[in-house]
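Please read the structure below before turning to the comments.
Quick note: the coordinates plus some simple rules give every number you see, no bench work behind them. This one's a predicted model, so the numbers in the text were calculated from it and none came from an experiment. Because the Cβ atoms are built from the backbone with ideal geometry, glycine has one as well, and the counts that use them run over all protein chains shown.
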Amino acid sequence: MNREQLKNLVDDVYSEKGFVDVIRLANELGIEVVVEKRPEEFNACIEYDKQTGKCRIIANMLHSLSRFRFSVAHEIAHFVLHQQLVKKEGLLNREKKNSDNFKIEREADRLAGEILMPASAVKEYFDRQGIREGDQVNEEAVNQFARDFRVSTYAAAIRLKELHYLVPGIVLA
Ligand SMILES: [Zn+2]
């Protein structure tokens, strides 16, 4: 699975429901998603089962929907970007803190944003409102966008900035 294939798959999954169902996306990639009650600080992890050759994402059901969805998307990103590492280590989570780890976590966060808010879908969404790249998206519109894409306002603002929309500074303090 390369980035281009992922992008096509994400676009398909988005067009089914008008938001990206991350569990469906994971399943399409052959990944099982297990939802468990875990301590507050646990977001999610991805495990590789050497026996079956399959990956499994475990996510925390106690978190808000937007946080849960971001965590699953983050682990899917690891699957796409760092699959060799996942297979070698057997498990990836956010416990270990070193500079290498910081880099891959940033990469996974960034791709998670792309998964949940595909560029083409975002563009269409704002085009319909007459808002173009480079235009200001006011706070209310950012909040509505976050609700429609089922993400946090924070994740929404980061992604919109990445896609060259102007977002109110207060959201990205
Ligand atoms: Zn991670």
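Quick query: amide H of Arg38 versus all other amide H atoms, modeled in the peptide plane; which residues come in under 5 Å with a sequence gap of 5 or more or a different chain?
When sequence neighbours closer than 5 places are left aside, the close amide H contacts are Met61, Leu62.
Using the 10 angstrom Cβ neighbour count as an exposure proxy, how do Met1, Met61 rank, fewest first?
On the way: Met1 13, Met61 10.
Ordered by Cβ neighbours within 10 Å, fewest first: Met61, Met1.
Take the Cα atoms of region 16-173, build their convex hull, and give its volume per residue in Å³. Each step should come with its number before you reach the end.
Working: hull volume 19.1 nm³, N = 158.
Here the figure is 121 Å³ per residue.
Based on alpha-carbon centroids, what's the gap between region 12-88 and region 131-173 in Å, whole number please?
Centre-to-centre distance over Cα atoms comes out at 24 Å.
Which helices, taking whole DSSP H runs in the chain, have alpha carbons extending 20 angstrom or more along the helix axis plus mean Kyte-Doolittle at least 0.5?
Details: long enough: 3-17 (22 Å, -1.29); 65-81 (24 Å, 0.71); 99-116 (26 Å, -0.67).
Helices meeting the criterion: 65-81.
How would you rank 100-106, 54-60, 7-13, highest first, on the average number of other Cβ atoms within 10 Å across their residues?
Values: 100-106: 12.4, 54-60: 20.6, 7-13: 15.9.
Output ranking for 100-106, 54-60, 7-13: 54-60, 7-13, 100-106.
Beyond a 29 Å Cα-Cα separation, which of these cross-linked pairs lie in this structure: Lys54/Lys123; Lys7/Lys54; Lys37/Lys161; Lys17/Lys54; Lys17/Lys37?
Values: Lys54/Lys123 34 Å; Lys7/Lys54 21 Å; Lys37/Lys161 33 Å; Lys17/Lys54 27 Å; Lys17/Lys37 27 Å.
Lys54/Lys123; Lys37/Lys161, as the Cα separations exceed 29 Å there.
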